[in-house]
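Chemist: For reference, the structure I am asking about is given below.
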Amino acid sequence: MVRTEPEVARQRPQVGAGFLPAVILLTTVTSVVSSLGAPLIPAIARDADVPVSAAQWSLTLTMLVGAVTTPLMGRVGGNRPRSAVLAGLAVVATGLLLCALPLGFTWLLVGRALQGVGIALIPLAIAIARNGVPAARVASTVGLLSVTTVAGSGLGYPLTAVVARQGGIAAAFWLGFALCCATALIAAIAIPRSPAPQRVSVDLCGAALLAVSTAGLLLALNRGEPWGWVAPRTLALTFLSAIVLALWVRRSLRVDHPLVDLRMAWGPVAFGANLTALVAGVAVYLMLSLIMFGTQAPSTNGFGLGRGVVTAGLLLLPYSLMSLAGSRLAAMLGRRMRRDLVLPVGCAIYGASAVVVALFHANVWQVMVGMAFAGLGGGATFAVMPALLLRGLPVAETGSAVAFNMVLRFLGFAAGSALMPALVDLFAGDQPPTHATFTAVASVGAALWVIAGGAAAATAALVPRRTTAAAAQLSPASGSG
């Protein structure tokens with residue numbers, strides 16, 4: 001039975017003054033940890049003596065595990081959010097410990113995979129905040145927490161870079177371990193216990209099918225260039241992964257308690273936000289991975305800047321800061337135009353930044369300007385997305401809707417992370433990458449933003465205006481922002 005808003009209000013837990021800061025800290029730290037390995041990929045490749053494409057899995061695995069565990073955490077954490085948060089942070093801390101200790105490349109990958117559980121805590125934190133803050137502040141709070149996933153990733157890059165420069169790769173993971181433990185302590189104090197938890201049915205078989213299919217597709221994407229895009233094993237892996245994905249879809253449509261409610265997720269109301277989240281996710285991490293790799297690559301042939309990990313990390317600081325400005329831009333635009341039109345505007349800004357970086361990347365300041373505009377576009381895009389996602393949906397479906405949107409977003413992140421080295425190899429061929437290689441890969445990112453913005457604009461034109469009226473009550477613009 002669907003709960004009404006008054007029923008939800010009566011069930012709101014009693015929270016203290018530190019509740020909202022604790023939830024903001026939770027989403028920010030988990031975003032920082034999830035992106036922790038990105039600036040370190042070239043250093044990991046050197047230290048472990050593995051190709052960059054192999055080291056890239058230290059980021060891709062995190063995103064993949066996050067995408068798979070997000071709906072699981074949404075199902076389990078809906079009744080016991082405080083326990084789920086603390087258990088999730090314990091898993092993340094374990095993963096950080098494995099990466100910090102000198103156990104070898106394999107255990108580093110295992111640790112990075114465990115850190116992906118932290119991604120699953122983000123939609124859970126949004127659901128906790130929605131249930132704990134006053135109704136008048138729900139819109140602005142949900143928008144803010146959505147943007148922290150962008151800002152947190154941007155903050156993680158320079159923070160990781162500076163620490164790694166001073167103390168090595170292990171020091172960056174020790175810092176993440178300390179942040180994770182501190183966040184767990186604050187969450188244990190500030191997040192209240194659930195009043196009356198109930199038994200939850202979890203589709204573990206569906207989770208396994210989703211994990212196998214997405215892992216297989218990402219592996220085929222990552223290894224397509226060295227294996228050959230039409231090589232038998234590449235085609236076989238892609239075909240088998242697609243079959244497993246189809247089995248997951250079939251199961252999700254038939255079981256009583258699916259991991260993801262696909263009928264709701266791909267309905268006319270949520271379709272635009274979810275499709276944009278997937279494509280935009282690919283574009284975001286394709287560009288961020290390219291910037292991190294290109295900045296640290298040798299400056300010969302015009303591909304790289306030949307700078308260190310600190311410079312690479314600091315390049316993303318404007319991205320993080322401007323993402324917060326992007327959320328304010330979304331609020332301002334939302335007061336002057338239909339809110340479902342704000343999403344294609346954000347995509348257009350990010351796409352324009354990709355074009356700028358594709359054409360002008362010979363100097364640090366040029367890349368920094370491009371990343372500042374990317375942050376502005378990303379902040380606007382992800383701040384308005386919850387409003388469009390939740391328009392017209394029952395209150396009881398909030399957690400599930402946000403969780404699936406996050407699944408698609410982080411699947412996109414994982415795909416973009418895996419796609420970047422494959423595209424570099426594809427455009428470079430047998431020669432070292434050049435200026436033209438960088439331009440070509442960045443142009444692919446720009447094209448993806450055109451697709452994302454087009455999907456958002458088409459949905460805005462097709463979805464009836466009456467559904468956007470409901471979105472007005474959920475938009476960041478309708479809150480205090």
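Chemist: When only residues in segment 216-236 that are more than 21 Å from T62 (Cβ to Cβ) and aliphatic (A, V, I, L, M) count, which is surrounded by the fewest Cβ atoms within 10 Å (Cβ to Cβ)?
Modeler: Taking the candidates together, the pick is V230.
Chemist: Moving to a separate point now. Which members of segment 54-86 meet the condition of being at pLDDT below 75, crowded, with 18+ Cβ neighbours inside 10 Å and more than 14 Å from G118 (Cα to Cα)?
Modeler: R75, V76, G78, listed by residue number.
Chemist: Hand me the list of helices (runs of 4 or more DSSP H) wholly inside segment 282-394 holding 2 or more residues that are of a type in the set (S, T, N, Q) and open to solvent by less than 20 Å² (accessible area, probe 1.4 Å).
Modeler: 317-334
Chemist: How many residues does segment 86-106 hold that are among the hydrophobic types (A, V, I, L, M, F, W, C) and in a loop (DSSP other than H, G, I, E, B)?
Modeler: Matching residues across segment 86-106 total 2.
Chemist: Pick from segment 390-447 the residues that are at pLDDT 75 or above and of a type in the set (D, E, K, R): which of them is farthest from T141 (Cα to Cα)?
Modeler: Residue satisfying both the conditions and the ranking: D430.
Chemist: Another question, if that's okay. Which is at pLDDT 80 or above, closer than 30 Å to R339 by Cα, open to solvent by less than 20 Å² (accessible area, probe 1.4 Å) and not small (G, A, S), of L145, L89, L124, L96?
Modeler: L124
The values are calculated or read from the model by the stated rules, or taken from the named source; none is laboratory data. These numbers come from a predicted model, not from an experiment. Every residue, glycine among them, receives a Cβ derived from its backbone with ideal geometry; neighbour counts consider all protein chains shown. Just the protein is used for accessible areas: all its heavy atoms, side chains included, with ligands, DNA and RNA removed. Shrake-Rupley method; radii C 1.70, N 1.55, O 1.52, S 1.80 Å.
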